[in-house]
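Remarks on the structure that follows.
The values are calculated or read from the model by the stated rules, or taken from the named source; none is laboratory data. Nothing here was measured: the structure is a model prediction, and the numbers come from that model. Positions of Cβ are backbone-derived with ideal geometry, glycine not excepted, and every protein chain shown enters the neighbour counts. SASA here: full protein model, heavy atoms, side chains in, ligands and nucleic acids out. Shrake-Rupley method; radii C 1.70, N 1.55, O 1.52, S 1.80 Å.
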Amino acid sequence: MSKRGKSPTPSSDSPFPSTARRIWNQIVVGLNRRATDFVYSTEYQVDLGTKPIDSLRAQRIITYLLSQSMIGPKVVFRPEPASLKDLELAHSREYLETLRKASALEEVVGVEVWPDLHDQILRAQRSSVGGTILATRRALASRGIAVNLGGGLHHATRSSGRGFCVFNDVAVAILKARESGYEDPVLVVDLDLHDGNGTREIFAGDDSVFTFSIHNQDWSRQPARASLSIELTGEVDDATYLEALTRHLPALIEDFRPGLVFYLAGTDPAMDDQIGNWKISPEGMLRRDRFVVGQIRGTSARGTPMVVLLAGGYGSETWRYSARFLSWLLTNSIGKEPPATADMTLARYRSLARELVEQDLNNGSSSNDWGLTEADITGGLGPEASRSRFLDHYSHHALELALEWTGVLDRLRSLGFHHPYLDLDLTNPSGHTLRLFADSTKQELLVEVRLRIERNIIPNAELLSIEWLLMQNPRAQFSSDRPQLPQQTHPGLGLASDAIPLMILICDRLKLDGIVFVPSHYHLALKVRKHLHFLTLDDRNWFHAVEKAVEGIPLTQATAIVARGDLRDRASGESVDWRPIPMVLAVSDQLKKRIELEKASVETARPESSFDFEVASDITPQ
């Protein structure tokens, strides 16, 4: 494949409006387009209830690529779940039979598996296998690149599963291609942090499939006829990682001359991965991906067909590494950074909200499978109707529908709460309350949020006030990784990152200027600070003084110190009590401009803080 230079792009201060930018992106992509297809299914999503695994990883990536006009719907293909006959190409019938039992799956995924979750896991992984089969077919047909936004289940062997991998999608796809008559050599480049042991074991006796893995620890030392395994121990950095890759991959490709390559572009080597131990920077990760693609696609005049799989990656930010790589792959240029996960979540919810309107949900048409009218969705007319609705607008049906469409109820079901029940209390004078229970018996409270419209905090602005927000899993236990914080009876549900985007959707719908929240404890203010801002410089300086005083103390202890009044003013020696301070997130353009102007004036003045606190001398943090 011929080399191309970096494509010109509008500068960051370009006067182009957003529509023009999208058109520009489409032109650039068209000029630089490689033959790249994408395979994706919503069935890839399964929430195991384990925090490091982001069940929305693939969805965030595809939403980003579509929203930036880097791809269109015509290059996104939906797979069918792999058949049992296909799975038997790589796995023994005896092993597949054992998967009927929840206990067999529990050994693979490491969590308790109840009936619904059992079906979801098998369906998700069979869909991932089907996705890799389809991506292989697309890559061979186009002699280009096909990306499966799933797959890379490389720990599954012929007779067992391990490390979240029930089936080995790469092995099934290769053997499916062989069954269809494909005979050329196949190379598997596995750059997941963990050893590609399952793929290597399945093809141990087949010298037409070469498995190449760079990993942090060997999972198996079984010899294979065509294999190179490189174990890099310790906290590996960019230089060590890239040196190993650049030293071995080019020679391997030259000697083996593959006709098809599978690239497991795992993002768990990254320095911020939640279970990884390597220290690869974002720049190092992208250099790795660009080098692999350059070597593989530059081995012949037309390029070697290539299947890209996500493989491992843990934490809510891991999708951004894949998004960077795929952005470069599609545009042949290093563009702007993908947005923060919270912004991507909001974009996804806003997209779903638009779909809700477009699906005839507010005109009572016959195509509306829910059988809802406009009054059901948005609230009826007149004061009596509005008083019977949440925030004088949303009906019970509308809220339940929104929770279904945004996937909140499905995520609760995946945690074992199979019949979540929505309940509203509109009688409290301090605000309207929404509660989600585990079921209609109302014995297990999962979510409780009290909201009201606030018109007095900022002149000429209407805000959505979060009076109370509780999200808890009554069936989970506190641990050293999940310590108990003030006001907590049970650990959280793992839905905190969805709360603010959902509130913003309410602001969008009700045309409110923003969100206001008054944290009752230090840890709550700390948690929302990246989204919400203090209104005055005095409030900001006061909180920063508290934060500085408890710096280095574990959050649980720091919160307790602040709550007990164990901080002292250095000058006066007086006790410092926590003071609930309003924090605001601007949603409307008008309020955003007001807050930005205030920030600019503060930055210009740069007045010094008069607050200086310390932990009381008789307090010894544990």
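Ignoring ligands, DNA and RNA, what percent of the 1.4 Å accessible area of the chain is carbon and sulfur? Within the chain, the accessible surface is 50 percent carbon and sulfur. For the range 42-104, the solvent-accessible area with a 1.4 angstrom probe is 50 square angstrom per residue.
Shape verdict for the range 57-209, please, from the Cα gyration tensor: rounded (a/c under 1.5), prolate (a/b greater than b/c) or oblate. All intermediate terms of the calculation are to be shown ahead of the outcome.
On the way: a/c = 1.78, a/b = 1.17, b/c = 1.52.
Taking the square roots of the gyration eigenvalues as a ≥ b ≥ c, the range 57-209 is oblate.
Screening the chain for DSSP H helices whose Cα atoms reach 20 Å or more along their own axis and whose mean Kyte hydropathy is at least 0.5 gives 496-510. Amide H to amide H distances under 5 Å link Ser227 with Thr211, where only residues 5 or more positions off or on other chains count and H is placed in the peptide plane. Restricted to Cα atoms, the range 234-329 shows a radius of gyration and a Dmax of 13.6, 40 angstrom. The modelled label-to-label distance for the pair Arg475/Asp569, using points 7 Å beyond Cα in the direction of Cβ, is 5.1 nm.
Over the range 214-337, what is the relative contact order in whole percent, taking alpha-carbon pairs under 8 Å and six or more residues apart? Don't jump to the answer; show the numbers that get you there.
Values: 147 pairs, mean separation 31.2, N = 124.
So the answer I get is 25 percent.
Close amide H contacts of Phe262 (hydrogens built in the peptide plane, cut-off under 5 Å, sequence separation of 5 or more or a different chain): Leu187, Val188, Val189, Val307.
Near Trp468, the amide H atoms lying under 5 Å from its own belong to Arg450; only residues 5 or more places off or on other chains count, and H is placed 1.01 Å from N. Quick check on the range 475-622: take the gyration tensor over C-alpha atoms, sort the square-rooted eigenvalues as a ≥ b ≥ c, and tell me if it's rounded (a/c under 1.5), prolate or oblate. Because a/c hits 1.5 or more and a/b fails to exceed b/c, the range 475-622 counts as oblate. Peptides 42-48, 172-178, 495-501, 332-338 ranked from most to least packed, by the mean per-residue count of other Cβ atoms within 10 Å: 172-178, 42-48, 495-501, 332-338. The HN-Hα couplings worked out from phi for the range 303-316 by the Karplus form 6.51 cos²θ - 1.76 cosθ + 1.60 (θ = phi - 60°) are x, 7, x, 9, 10, 9, 10, 6, 6, x, x, 9, x, 6 Hz, whole numbers, x standing for Gly and Pro.
Restricting the calculation to Cα atoms, the range 168-326 shows an Rg/Rh of 0.95 when the hydrodynamic-style radius is the Kirkwood one.
Accessible surface computed residue by residue for the range 129-251, with neighbouring protein chains in place and a 1.4 Å probe, gives 35 Å² per residue.
Each Cα pair under 8 Å and six or more residues apart adds its separation to the average, and for the chain the resulting relative contact order is 10 percent. Given (i) 14, 23, 15, 11, 10, 14, 11, 1; (ii) 17, 46, 32, 5, 0; (iii) 17, 39, 31, 11, 1, which label gives P(r) over Cα pairs in 20 Å bins from 0, in percent as computed from the coordinates? Answer label, from the structure shown: (ii). Per residue, the range 421-483 exposes 53 Å² of accessible surface when a 1.4 Å probe is rolled over the protein heavy atoms with every protein chain present.
Computed per residue of the chain from DSSP H runs no shorter than four, each worth -39500 (n - 2.57), the mean residue ellipticity at 222 nm is -12000 deg cm²/dmol. Report note on the peptides 104-112, 394-402: ranked by the mean count of other C-beta atoms within 10 Å, highest first, their order is 394-402, 104-112.
Place the peptides 471-480, 85-94 in order of packing, highest mean first, counting for every residue the other Cβ atoms within 10 Å and averaging per peptide. Don't skip to the end; give the middle numbers.
Details: 471-480: 13.8, 85-94: 17.0.
Going by the mean number of other Cβ atoms within 10 Å, highest first, we get 85-94, 471-480.
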